[in-house]
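Encoded as structure tokens, the structure appears first; notes follow it.
Just so it is clear, none of the values below were taken in a lab; they were calculated from the coordinates. The structure displayed is predicted, hence computed values, not measured ones. So basically every Cβ, Gly included, is an ideal-geometry build from the backbone, and we count neighbours across all protein chains shown.
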Amino acid sequence: MNAPALHIDPQTSALVLIDLQYGIVGMNVFPRTSAEVIANASKLVEAFRKHHATVVLVTVGNLPDGKDLLNPITDAPAGSVAGRPANFATLVTELNTQPSDILITKRQWGAFYGTELDSQLRRRGINTIVLAGISTNVGVESTARDAFERNYNQVFVEDAMASPSVEAHQGTLKYTFPRLGRTRSTQDVIAALG
């Protein structure tokens with residue numbers, strides 16, 4: 001079955017990149033490396049800026065005392081702020097952050113809850129989100145689910161995301177994303193702009 005043609009209107013679409021920051025890109029991720037994800041994300045950023053489209057760069061960070069970390073009882077605890085490098089929440093330089101970019105700091109997995117992301121997008125007339133980042137099955141998927149519940153159209157850029165395991169990445173792509181939006185490549189998205 002052929003995928004429907006993709007058209008991305010720069011006036012009503014935003015690129016939203018999740019957690020491309022030094023503390024996250026240092027993880028071992030699959031099916032591609034963080035460097036490959038960053039390279040594709042950088043191409044997307046450049047294309048969106050060229051078309052004067054909205055670019056949103058999301059980072060995850062917590063207060064030094066860690067009291068704003070999620071802390072429910074789980075079988076696999078989320079961790080702590082102890083031992084995080086000083087540049088943990090610093091965006092990678094390859095994204096070449098610009099004054100026109102919207103910078104969002106989140107305190108949990110998804111980029112909508114407890115942030116101004118939704119209001120920043122709606123004030124700009126954005127109805128479509130092009131989503132990528134690390135990791136596919138956590139920050140990206142959580143943001144995608146929240147965006148779906150807010151009625152955004154979504155395009156997931158598969159080759160600009162990765163996860164700590166191939167299975168986690170592929171599970172999200174196979175079972176979750178098809179119900180929330182459309183999955184395409186970096187090249188497809190760049191070709192569809194304009």
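Are any of the residues in region 21-31 assigned to a loop (DSSP other than H, G, I, E, B), among the β-branched types (Val, Ile, Thr) and under 19 Å from the mean Cα position of the chain (by Cα)? The answer is yes, given that some residue of region 21-31 is assigned to a loop (DSSP other than H, G, I, E, B), among the β-branched types (Val, Ile, Thr) and under 19 Å from the mean Cα position of the chain (by Cα). Of all residues assigned to region 172-193, none qualifies as being in contact with a Phe, Trp or Tyr (Cβ under 9 Å, 6 or more places away or on another chain), in contact (Cβ under 8 Å) with a residue 60 or more places away in the chain, farther than 17 Å from Ile8 by Cα and not aromatic (Phe, Trp, Tyr). For region 42-86, the candidate set comprises residues that are out of contact with any helix residue (DSSP H, G or I) (no Cβ under 7 Å at 6 or more places or on another chain) and assigned to a helix (DSSP H, G or I); within that set, the residue that is nearest to Gln21 (Cα to Cα) is Glu46. Flag: Asp19 matches the condition of being closer than 22 Å to Ala168 by Cα and buried (at least 17 other Cβ atoms within 10 Å of the Cβ).
On the stretch given as region 100-154, residues that are hydroxyl-bearing (Ser, Thr, Tyr) and in contact with a His (Cβ under 7 Å, 6 or more places away or on another chain) total 1.
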